[in-house]
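The values are calculated or read from the model by the stated rules, or taken from the named source; none is laboratory data. Computed from a predicted structure; not experimentally measured. Neighbour counts run over all protein chains shown; Cβ positions are idealised from the backbone, glycine included. Quick note on the areas: whole protein, heavy atoms, side chains included, nothing else; ligands and nucleic acids left out. Shrake-Rupley method; radii C 1.70, N 1.55, O 1.52, S 1.80 Å.
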Amino acid sequence: MTASKLAAGNWKMNGRMVHLEEAMAIAAVNPGPQTEVLICPPATLIAPMAQALTGTHVRVGGQDCHARPKGAHTGDIAAAMLVDAGASHVILGHSERRADHGETSADVAAKIRAAWDQGLTAILCVGETEAQRDAGETLHIVGAQLAQSLPDGATADNTVIAYEPVWAIGTGRTPTTTQIAEVHAHLHQAAPQGVRLLYGGSVNPTNAVQIFAIPDVNGALVGGASLKAADFTQIIAALADA
Ligand code: PGA
């Protein structure tokens, strides 16, 4: 049975062996069965982190996978390798992957299929740029990304959707609660029933309570504030209390 809420940390290109201690400190605080906790470290830390967290409530995920099961793809990671290393989830279609690596929604859809084939839960990211929001295109953009990135077959167990406005990521700026509510209501309509909807983009211990009170927000995808256990555990506690 899938927990109704999810706090997911995206460590991006941060973290070395010494930072497994932060993961252990995150695992020291158990928010209860309704709140799932996930850390997505860089690929080099997936196996040691999964091992270190064995027997705790905290699960480990990847930040990307290749669409193909194996082969001549230097530097890439197959979904089966993530599973082998101990991952249960994988973030796909993050705006940094779309921007830095030219990933299209069609590429993301192929990766999600590859992840599902291996039993991974895909965390699909969608979100508008600032220019798109200023042009009044937000709902159109996130709706199109969802339609084009999410293959048929999505369920509450195999998929999570993260709304991450590109302009809010790592900037300390967040949309208003009304703006988040508008996008989440739209995604709630468009997504398969029961799929959890995360908000991501500059979530921190100070704004978490307000964000988790918004209808249709079932958790968060947290970047910078997930690197420190002191911050991430406060966010997790706010989610558990919401
Ligand atoms: P941030 O990143 O919390 O540092 O803004 C969120 C994300 O990109 O997932």
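Subtract the Cα-Cα distance of D241 and T206 from 0.36 nm times their separation in residues, and report this length gain in nm to one decimal.
Gain on stretching D241 to T206: 11.2 nm.
With each label point set 7 Å from Cα along the Cα-Cβ vector, what nm distance links E21 and Q193?
In this crude spin-label approximation the distance works out to 4.9 nm.
Using a 1.4 Å probe, what is the accessible area per residue for the chain, in Å²?
Normalised by residue count, the accessible surface of the chain is 45 Å².
Under 16 Å from the Cα of K70, which lysines turn up, not counting those fewer than eight places away in the same chain?
The qualifying lysines are K111.
Okay, helix-only estimate at 222 nm for the chain: each DSSP H run of n ≥ 4 adds -39500 (n - 2.57), divide by all residues, round to 500 deg cm²/dmol; what do you get?
After summing the helix terms and dividing by the residues of the chain, the value is -11000 deg cm²/dmol.
Determine Rg/Rh for region 22-149; Rg is computed over alpha-carbon atoms and Rh is the Kirkwood hydrodynamic estimate from the same atoms.
Rounded to two decimals, Rg over Rh is 1.02.
Test of understanding: what is the full-extension gain from D100 to T178, defined as 0.36 nm times their sequence separation minus their Cα-Cα distance?
Full-extension gain reported as 25.1 nm.
Please state, to two decimals, what the Cα-based radius of gyration of region 1-94 comes to when divided by 2.2 N^0.38 Å (N = residues).
1.08
Could you tell me what percent of the accessible area of the chain is made up of carbon and sulfur, with a 1.4 Å probe and every protein chain present?
After summing per-atom areas, the C and S share lands at 52 percent.
Across every pair of different alpha-carbon atoms, what Kirkwood hydrodynamic radius in Å does region 152-242 reach?
Final number for the Kirkwood radius of region 152-242 is 13.3 Å.
Under a point-charge model restricted to the Cβ atoms of Lys and Arg (+1) and Asp and Glu (-1), what is the dipole moment magnitude of the chain relative to its Cα centre, in debye to the nearest 20?
I would put it at about 340 debye.
Need the full-extension length gain, D152 to H73, defined as separation in residues times 0.36 nm minus the C-alpha distance. One decimal, nm.
Using 0.36 nm per residue and subtracting the Cα-Cα distance, I get 25.8 nm.
Kirkwood Rh over alpha-carbon pairs of region 5-241, then Stokes-Einstein at 25 °C and 0.890 mPa s: what D in µm² s⁻¹, rounded to an integer?
Reported coefficient: 140 µm²/s.
5 Å is the cut-off here: which amide hydrogens, built 1.01 Å from N in the peptide plane, fall below it relative to G9, excluding neighbours closer than 5 in sequence?
Hits under the 5 Å cutoff: L38, I39, C40, V222.
Find how many whole Å separate the alpha carbon centroid of region 1-80 from the alpha carbon centroid of region 98-145.
20
Could you tell me which of V203, A238, T2 has its Cα farthest along the dipole of the chain towards the positive end, charges placed at Cβ (Lys, Arg +1; Asp, Glu -1), taken about the Cα centre?
T2
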